[in-house]
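Below is one structure, written out as structure tokens; the observations come after it.
Just so it is clear, none of the values below were taken in a lab; they were calculated from the coordinates. These numbers come from a predicted model, not from an experiment. Quick reminder, even Gly has a Cβ in these numbers, built from the backbone with ideal geometry, and neighbours come from all protein chains shown.
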Amino acid sequence: MQPSRALFSPAFLYFSAVADAGSIRGAARRLNVASSAMNRQILLLEEALGVSLFERRGRGLRLTGAGEMLLRHVRDTQRDFEGTLADIDLLRGVKRGRVAVASVESVAGGVLPFLVTSFAERFPGVEVGVTVTGSAAVAAMVEAGEADLGFTFNPPSVRGLSVALRRDLAVGAVVAATHPLAGREAVSLAECLEHPLALPARGLSLRDILDAGLAALGRRPRILAEANSLKFMVALARQGAAVAFMPPMGLADDMRDGSLVFLRLTDSGLPSDRFMMIAAAGRSLKLAPAAFFDHCRQELPGYLPHG
């Protein structure tokens, strides 16, 4: 049996068939159903809508204005449904393949392992290759076709890219549970300057956000270290040696076990860190990358903190 016949309303299927055949008898022969059953469905549909769908002319039927409107709707719905069935058939065919992913470190060390694991449960034959790099490099790799999709923050340009998902995430201070600031729910940058800082390296999008806030204070921070590694800055914060800064993404385990505390920054006008899931604009993904792309687009919002 065709999927449309199994899942679509019989009244709509019969109505469409009668409109094509121009008679109930001809439509019934084509669908191999009783003429009386088809006629009953048409009458019930007309009763439910409160309008006549056909003009009865001798042995033939002709659509009324209402019938023509309904037929357009049914045809559009059937086309959409057939397209969905085609997509489902493609997904059934994803037996093997490879997905190339470019990601910033905070995503690769946070939510991406969960996405890869849940995807592998559905498509065990598909490999996922992950390159961890900086925000600008992620965008460049996706645009150049070196990665099928990317996870990045504040890329310098989205020209040539399609942004499938974006979320503005608040940057906060990250400290050890034993740090003097740990008992607070929120702090200002000025209060953080009373302690050594672990700052992102210059050129990173997160550093640009912090430099804008620090410049407004007109004070020179005590910088313990600058790094392009999230893990390194988190490690310094975990030891209680410095205050680090980042969105909460990638910190779930440390916050859950109590080793780190995320403190909201109270400074007004401090920009958010804009997270993006990106693909190349105008380039169709192959079957396996398209399946992973759809999986991430569905699952990722549930893992993202709100800004």
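Listing for the model above:
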read-out	value
Kirkwood-Stokes translational diffusion coefficient of the range 105-237, alpha-carbon pairs, 4 °C, 1.567 mPa s, µm²/s	75 µm²/s
Structure-derived P(r) over Cα pairs in 10 Å bins from 0, in percent: which label, when the choices are [x] 6, 28, 38, 23, 5, 0, 0; [y] 6, 21, 21, 11, 7, 8, 9, 8, 6, 3, 1, 0, 0; [z] 6, 21, 20, 14, 13, 11, 8, 5, 1, 0	[z]
Mean Cβ neighbour count within 10 Å, used as a protection proxy, ranking 196-204, 244-252 highest first	244-252, 196-204
For the range 115-131, 3J(HN,Hα) per residue [Karplus equation, 6.51 cos²θ - 1.76 cosθ + 1.60, θ = phi - 60°, Hz, x = Gly/Pro]	5, 5, 5, 5, 5, 5, 5, 8, 10, x, x, 9, 8, 10, x, 10, 10
Nearest-ten-degree value, helix 65-92 long axis tilted from longest Cα axis of the chain	50 degrees
Extension gain, E146 back to A225 (0.36 nm per residue minus Cα-Cα distance, nm)	25.2 nm
Relative packing of peptides 172-184, 125-137, 25-37, 144-156 - highest average C-beta neighbours within 10 Å first	144-156, 172-184, 125-137, 25-37
Distant-in-sequence amide H partners of A281 (H built 1.01 Å from N, under 5 Å)	L161, S162
Relative contact order [Cα under 8 Å, 6+ residues apart], the range 171-271, whole percent	50 percent
Residues whose placed amide H lies under 5 Å from that of M246, excluding near-sequence neighbours	G172, V174
3J(HN,Hα) from dihedral phi, the range 292-304, Karplus parametrisation 6.51/-1.76/1.60, rounded to Hz, x for glycine, proline	5, 4, 5, 4, 5, 4, 7, 8, 4, x, x, 9, 7
Summed side-chain charge close to L181 - residues other than L181 whose Cβ falls under 11 Å, Lys, Arg +1, Asp, Glu -1	-2
Using a Förster distance of 22 Å, the FRET efficiency for A177-F114 (Cβ separation, nearest 0.05)	0.35
Per-residue Cβ neighbour rank within 10 angstrom, fewest leading, D267, D273	D267, D273
³J(HN,Hα), Karplus 6.51/-1.76/1.60, whole Hz, each residue of the range 204-221, x for Gly, Pro	7, 4, 5, 5, 4, 5, 5, 4, 5, x, 5, 5, 5, 7, x, 10, 8, x
